[in-house]
Amino acid sequence: MACFPVSTWFVCLYATDIVFCRAAFQPCGISARENAPNHKGETLNYDTSIQPPRAEQREHSHTHHGVTISDPYNWLRDPAYPTVEDTDVLGYLRAENAYFEAQMVGQKARVDALFKEMRARIKEDDATVPQRDGDYEYWSEFEKGGQYRKYYRRPAGTRDRELMLDGPALAESLEYFSLGALSVSENGRYLAYSTDTTGGEYYTGFIKDLETGELLPDRIANVNTGLIWTAGDTMIVYGRANESWRVDRIFAHKVGTSGDDREIYHEEKLGFTASPGLSSNREWLIIAAGDNETSEVRLLPASDPLAEPLLVRERQTGVEYDVDVRDETIFVLTNDKHVNFRLATAPMSAPAEWTTLIEGSDEFYLTDFDLYRDFYVTEGRIAGLDQVQIRYYDDPGRVETIAFPEEAYSAGLGNNPEWAMDRLRMHYQSPITPDTVYDYHVASRELEQLKVQEIPSGFDPSLYTVERLQITARDGAIVPVSVLYRKDRDEMNGGAGGPLHLYSYGAYGYAVAPGFSTTRLSLVDRGFAFAIAHIRGGDDLGRNWYLQGKMKARTNTFNDFIDVGRALVERGLTAEGRISASGGSAGGELMGAVINAAPELFGAIVAHVPFVDVLNTMLDDTLPLTPGEWPEWGNPIESEEMFKLIRSYSPYDQTRAQAYPPMLVTAGLNDPRVTYWEPAKWVAKLRELKTDDNILLLKTNMGAGHGGKSGRFEGLRETAEEVAFILWQIGLKA
């Protein structure tokens, strides 16, 4: 599909500075070494000779709807944000980092071993499968030991290779580096790309002349979308992030200039964002605007992005739609008549008059479509499993569904850039099938295997079992759970009730696919089961599944996760206190909610950049994402009902005097999605109120953002830290 729903997802995934304690928190004390027991009564050897930082409480309160709420850790939000320069704030974060390092020093050997083990599963000199686009084939490669990709091309049908962009060279000496957009001009001469060197997600755009290897003088500031070539390669269209990190303006940049970009769209509604796309036939520029539940699309000729735009249909609250164009026909994917979406068409002369092409269905959840010259493709899910279907313009009743062999899997289209495709690049994987790249030959209906993800250290799928369980939640809803474990797991654990890791996300209609993970094996090969709970809030079972976990129904998400955990205990797959769980961003909110409600279930929790200060964030419309998030969480400023509901589950607000499981929490100082002070405040409050002796660690990446450290091996080491923490707290010595 040419354009996608405009959304501001908290989607959805870390050099420590050591300083002495500052006046912002209580002085570090010294006490006798204590050994807290785990669920088996085994000692876990915390080093309590170093006391955790205690954040000072400073009087602060706010009143809404007649309710006054005290927030004594509000000072951890630097008033100069997004600049963070307050010495008390930085001192506290660095002290927490020092405490993290001190407590994890005993796990260094385990972290090193896990990192070596995980790295051994990665083919270091890996490359993507070349894909043709026009006169060239394009691909990327990692060199052995390389943290970042190099991007290549060659004339189609030759073995020549041309280095277009050298990621390792661009990232050299930088603490953080992220490549954003990457786009080659239609004539093949120029490469537009964007980079972020802080983790704050404000990208700078550049243009490289591929014939000379030189950069043009153009610098495009604050890019936060793709870079789209238009007007015969004389212009680049992009979205610019404002001071609140929202893309509310789309600009056309004239190649060879700097600072003279023309605004072609301005979104005035607070909470809406905008993004540019290109139709599959590359004839139309598509400007989409919207929030998490409403969208509106305009079309501009790609040959003239400064022309008057054509509005497809005016926005209507609750109606989402995406479009693509073939000849004089607009194709529209929309939920206007069915919650699981329908596909409609409209003539270019009357773009708002939609005629159904594919009806909405209770069984088939239509999630995407892609147009090609001779056929089109629909993607969706039936009973939570991916479906890919080939359809034909001249024969509406002809549907060819690509069959997949396993009961739990993830499948979908890859990169298919050309209009006249006769074979489709696809990806397939399952919990026991590494990522496999295929070309699907449309005429012969055959799958040609091109590449299987290589596991250098070895992987034998016959050692593992995958189950698709159905768990009944407290209100009768049936929650699917995908479970991976070794066939000899009971022998490894000395019987049933072994450790289990439970994972989910549960927000924004984001489905967690049952795919393949090499890092997951480091738990499973030590006797863990790994379970993915397909809870409400995601759209795993259709759009209604998502709607049943948002707004007024938000608590279904947390209840589902807890009910799945308890059911897995009842079925003998694990035992109370032997469940580890993790989640990031909105999944971190999930972690906070479930440990408030059922802390006894869990033996270890990892919460990455957790969205835990929900009420305060939704009350602050100056924060980058807040207005656009009100359709997801509710607006507690205007609605007393939503104020009360959000307060009732917001992890920070519901932290109380009780025992909590061992926890590792992460944050990113430059994170614009979940600001650093949310996890920092939460940890400070937990330290104040929790009644247990379990370890609580906060690690803040001082030079990164939402995704943690950049570079594939830096990120892998942080995963090794996470797994080491889980093994440590669950009590596994291996």
Taking the criterion of being touching a His at 6+ places or on another chain (Cβ under 9 Å), aromatic (Phe, Trp, Tyr) and open to solvent by less than 10 Å² (accessible area, probe 1.4 Å), would at least one residue in the stretch 268-283 satisfy it? no
Yes/no for ALA95 being under 26 Å from PHE177 (Cα atoms), over 27 Å from the mean Cα position of the chain (by Cα) and part of a helix (DSSP H, G or I): yes
When every residue in the stretch 516-538 that is open to solvent by 10 Å² or more (accessible area, probe 1.4 Å) and either assigned to a loop (DSSP other than H, G, I, E, B) or out of contact with any Leu (no Cβ under 9 Å at 6 or more places or on another chain) (or both) is compared, the one farthest from ALA720 (Cα to Cα) is PHE516
Quick one: would you say ALA575 is at pLDDT below 95, of a type outside the set (Lys, Arg) and open to solvent by 20 Å² or more (accessible area, probe 1.4 Å)? no
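Modelled with pLDDT of 95 or more, β-branched (Val, Ile, Thr), open to solvent by less than 10 Å² (accessible area, probe 1.4 Å) and more than 24 Å from ASN544 (Cα to Cα): which single residue out of VAL325, VAL332 fits that description? First the steps, then the outcome.
Details: VAL332 fails: more than 24 Å from ASN544 (Cα to Cα).
None of the other options fit; the residue is VAL325.
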Quick one: count up the residues across the stretch 501-515 that are open to solvent by 10 Å² or more (accessible area, probe 1.4 Å) and under 19 Å from LEU601 (Cβ atoms). 1
Selection within the stretch 132-146 - open to solvent by less than 50 Å² (accessible area, probe 1.4 Å) and out of contact with any strand residue (DSSP E or B) (no Cβ under 8 Å at 6 or more places or on another chain): GLY134, GLY145, GLY146
Subset of the stretch 296-344 (residues that are over 28 Å from the mean Cα position of the chain (by Cα), farther than 14 Å from THR356 by Cβ and in a strand (DSSP E or B)): LEU299, LEU300, PRO301, LEU310, LEU311, VAL325, ARG326
Taking interchain pairs and intrachain pairs at least six residues apart, which have beta carbon atoms under 7 angstrom, with the first residue in the stretch 322-342 and closer than 19 Å to ARG373 by Cβ and the second open to solvent by 50 Å² or more (accessible area, probe 1.4 Å) and part of a loop (DSSP other than H, G, I, E, B)? VAL325/GLU283
Examine the stretch 440-453 for a residue that is part of a strand (DSSP E or B), out of contact with any Ser or Thr (no Cβ under 7 Å at 6 or more places or on another chain) and crowded, with 19+ Cβ neighbours inside 10 Å, and state whether such a residue exists. yes
Of (1) in contact with a helix residue (DSSP H, G or I) (Cβ under 6 Å, 6 or more places away or on another chain); (2) within 18 Å of LEU299 (Cβ to Cβ), GLU353 satisfies every one except (1)
Just the residues that are closer than 25 Å to GLY634 by Cβ and open to solvent by 10 Å² or more (accessible area, probe 1.4 Å), please, taken from the stretch 559-572. ASN559, ASP563
Where the second residue is of a type in the set (Gly, Ala, Ser) and surrounded by 16 or more Cβ atoms within 10 Å (Cβ to Cβ) and the first is assigned to a loop (DSSP other than H, G, I, E, B) and lies in the stretch 143-172, which pairs have Cβ atoms under 6 Å and are six or more apart or on separate chains? GLN147/GLY711; TYR148/GLY167; TYR148/ALA171; ARG149/SER140; ARG149/GLY167
Taking the stretch 649-693 on its own, how many of its residues are polar (S, T, N, Q) and buried (at least 20 other Cβ atoms within 10 Å of the Cβ)? 5
Scanning the stretch 251-291 for residues that are on the phi > 0 side of the Ramachandran plot and over 24 Å from the mean Cα position of the chain (by Cα) gives GLY256, GLY259, ARG282
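Residues are listed down the side, and each one gets a yes or a no for (1) open to solvent by 50 Å² or more (accessible area, probe 1.4 Å); (2) in contact with a Gly (Cβ under 8 Å, 6 or more places away or on another chain); (3) farther than 21 Å from GLN548 by Cα:
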| position | (1), (2), (3) |
| --- | --- |
| PRO461 | yes, no, yes |
| ILE471 | no, no, no |
| PRO480 | no, yes, no |
| ASP490 | yes, yes, yes |
Would you check which residues across the stretch 400-435 are assigned to a loop (DSSP other than H, G, I, E, B), closer than 18 Å to LEU371 by Cα and open to solvent by less than 40 Å² (accessible area, probe 1.4 Å) and list them? ILE402, GLY414, ASN416, PRO417, MET421
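Would you kindly identify the helices (runs of 4 or more DSSP H) lying entirely within the stretch 592-698 that contain at least 2 residues that are farther than 20 Å from GLN103 by Cβ and among the aliphatic types (A, V, I, L, M)?
Details: elements: 614-618, 626-633, 640-649, 651-654, 677-689.
Passing ranges, in order: 614-618, 640-649.
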Within the stretch 192-207, identify whether any single residue is buried (at least 16 other Cβ atoms within 10 Å of the Cβ), in contact with a Gly (Cβ under 7 Å, 6 or more places away or on another chain), at positive phi and assigned to a loop (DSSP other than H, G, I, E, B), and answer yes or no. yes
Residues being open to solvent by 20 Å² or more (accessible area, probe 1.4 Å) and hydrophobic (A, V, I, L, M, F, W, C) - total across the stretch 211-227: 3
Considering residues of the stretch 57-92 that are among the acidic types (Asp, Glu) and in a loop (DSSP other than H, G, I, E, B) only, the residue nearest to GLU638 (Cα to Cα): ASP71
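Would the stretch 635-648 turn up any residue that is closer than 20 Å to ILE605 by Cβ and open to solvent by less than 20 Å² (accessible area, probe 1.4 Å)? Full working, then the answer.
Filtering the stretch 635-648 for residues closer than 20 Å to ILE605 by Cβ gives none.
Looking for residues that are closer than 20 Å to ILE605 by Cβ and open to solvent by less than 20 Å² (accessible area, probe 1.4 Å), one finds none in the stretch 635-648, hence no.
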The stretch 154-179, residues that are open to solvent by 40 Å² or more (accessible area, probe 1.4 Å), small (Gly, Ala, Ser) and closer than 21 Å to TRP229 by Cβ: none
Checking ALA496 against (1) over 19 Å from SER410 (Cα atoms); (2) open to solvent by less than 60 Å² (accessible area, probe 1.4 Å); (3) small (Gly, Ala, Ser), which test does it fail? (2)
Checking VAL129 against (1) crowded, with 17+ Cβ neighbours inside 10 Å; (2) modelled with pLDDT of 95 or more; (3) under 30 Å from GLU454 (Cβ atoms); (4) in contact with a Leu (Cβ under 8 Å, 6 or more places away or on another chain), only one condition comes out false. Which one? (1)
So for the stretch 540-551 (the condition being at pLDDT 95 or above, crowded, with 22+ Cβ neighbours inside 10 Å and in a helix (DSSP H, G or I)), does at least one residue qualify? yes
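The values are calculated or read from the model by the stated rules, or taken from the named source; none is laboratory data. Only a predicted model underlies this, so the values are computations on that prediction, with no experimental measurement involved. Methodologically, a virtual Cβ is constructed for each residue, glycine included, from the backbone with ideal geometry; neighbour enumeration extends over all protein chains shown. Note: areas computed on protein heavy atoms with side chains; ligands, DNA, RNA excluded. Shrake-Rupley method; radii C 1.70, N 1.55, O 1.52, S 1.80 Å.
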